[in-house]
1. Can you name the residue in the range 143-174 that is surrounded by 12 or more Cβ atoms within 10 Å (Cβ to Cβ) and over 20 Å from Thr44 (Cβ atoms) and is also farthest from the chain's Cα centre (by Cα) among such residues?
2. The conditions are (1) in contact with a strand residue (DSSP E or B) (Cβ under 6 Å, 6 or more places away or on another chain); (2) acidic (Asp, Glu); (3) touching a residue at least 60 places away in the same chain (Cβ under 8 Å), and Asp162 fails exactly one of them. Which is it?
3. What's the number of the condition Ser60 fails, among (1) under 18 Å from the mean Cα position of the chain (by Cα); (2) part of a strand (DSSP E or B); (3) at pLDDT below 85?
4. Could you grab the pairs with beta carbons closer than 9 Å, sequence gap of 6+ or different chains, first residue in the range 141-153 and in contact (Cβ under 8 Å) with a residue 12 or more places away in the chain, second one part of a helix (DSSP H, G or I) and not β-branched (Val, Ile, Thr)?
5. Only residues that are in contact with a Gly (Cβ under 8 Å, 6 or more places away or on another chain) and either among the basic types (Lys, Arg) or in a strand (DSSP E or B) (or both): list them for the range 86-108, please.
6. For the range 95-142, how many residues are surrounded by fewer than 13 Cβ atoms within 10 Å (Cβ to Cβ) and in contact with a helix residue (DSSP H, G or I) (Cβ under 6 Å, 6 or more places away or on another chain)?
7. What about Thr131, is it more than 16 Å from Arg69 (Cβ to Cβ) and among the hydroxyl-bearing types (Ser, Thr, Tyr)?
Amino acid sequence: MRRIGAVAAPVLLVLVLSAGCTADSAASLSRIEQRIRGLLEISTFEHLYREVVFFGEERSLLFLRTMDRRVLFSINIRVRAGVDLRDGFELRGDPVRPERLFVRLPSARILLVDADERSIEQYFVREQGGTIRWLELTDHLESVKETVRHDAIERGILLRADQNAERVVRNMLELAGFTDVQISRGTSPPESSLDLPWAEPTPVESPPGAAR
């Protein structure tokens with residue numbers, strides 16, 4: 001296995017925010033939320049692998065080989081990670097400080113593992129007893145793709161995608177006038193509104209005689 005590239009591919013957001021969005025406008029905040037949701041998948045990060053794959057099948061009858069099919073080839077496999085807002089997204093303003101905004105983003109996940117047939121470079125083929133067809137290789141490639149997927153995760157592709165998504169959303173909202181953007185992560189939105197940082201927890205009284 002040989003990884004040949006890692007590419008950050010954030011979604012272009014130049015036209016996401018139109019002129020006139022201000023931090024003190026609830027309507028503008030609603031429009032921003034709709035546009036962020038409209039992106040669905042944001043700030044992807046990709047790893048590109050060049051994998052060498054071997055497939056072989058042999059059959060014999062009475063010690064005579066009736067089938068000997070083998071192929072050795074290389075293929076590009078692309079692993080893409082990113083944030084899918086359908087997994088849970090929440091946007092809340094601060095009624096006390098209009099320039100502050102609270103955002104909850106879902107955690108990044110693998111969005112795509114794709115083997116590019118057009119990138120195949122064949123090194124060796126033997127087709128005694130039958131032709132090797134692409135459909136026969138798909139099951140074998142699935143196991144190769146799963147190995148590549150785990151390798152990409154171990155190399156930190158999800159962490160990079162999380163960082164990219166947070167940077168893109170933060171920059172977007174700061175361009176809209178929110179100078180204090182608080183971002184938290186999670187796999188799903190909370191059942192209620194985000195906890196406000198100025199809400200002090202209610203003190204719990206210790207029972208009589210309890211150690212302090």
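1. Glu174
2. (1)
3. Ser60 satisfies all of (1) under 18 Å from the mean Cα position of the chain (by Cα); (2) part of a strand (DSSP E or B); (3) at pLDDT below 85 except (1).
4. From the range 141-153, the pairs are Ala152/Leu158.
5. Across the range 86-108, the qualifying residues are Arg100, Leu101, Phe102, Arg104, Leu105, Pro106.
6. 0
7. Values: more than 16 Å from Arg69 (Cβ to Cβ): no; among the hydroxyl-bearing types (Ser, Thr, Tyr): yes.
Taking the combined requirement at face value, the residue does not satisfy it.
For every residue, the table says whether it meets (1) within 30 Å of Met172 (Cβ to Cβ); (2) at pLDDT 85 or above; (3) out of contact with any strand residue (DSSP E or B) (no Cβ under 6 Å at 6 or more places or on another chain); (4) part of a strand (DSSP E or B).
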{"position": "Val16", "(1), (2), (3), (4)": "yes, no, yes, no"}
{"position": "Gly20", "(1), (2), (3), (4)": "yes, no, yes, no"}
{"position": "Leu29", "(1), (2), (3), (4)": "yes, no, no, no"}
{"position": "Ile32", "(1), (2), (3), (4)": "yes, no, yes, no"}
{"position": "Arg35", "(1), (2), (3), (4)": "yes, no, yes, no"}
{"position": "Gly56", "(1), (2), (3), (4)": "no, no, no, yes"}
{"position": "Arg70", "(1), (2), (3), (4)": "no, yes, no, yes"}
{"position": "Phe73", "(1), (2), (3), (4)": "no, yes, no, yes"}
{"position": "Arg80", "(1), (2), (3), (4)": "yes, yes, no, yes"}
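The values are calculated or read from the model by the stated rules, or taken from the named source; none is laboratory data. This structure is a prediction, so every number in the text was calculated from the model and none was measured. When we count neighbours, we look across all protein chains shown, and the Cβ atoms used for this are built from the backbone with ideal geometry, even at glycine.
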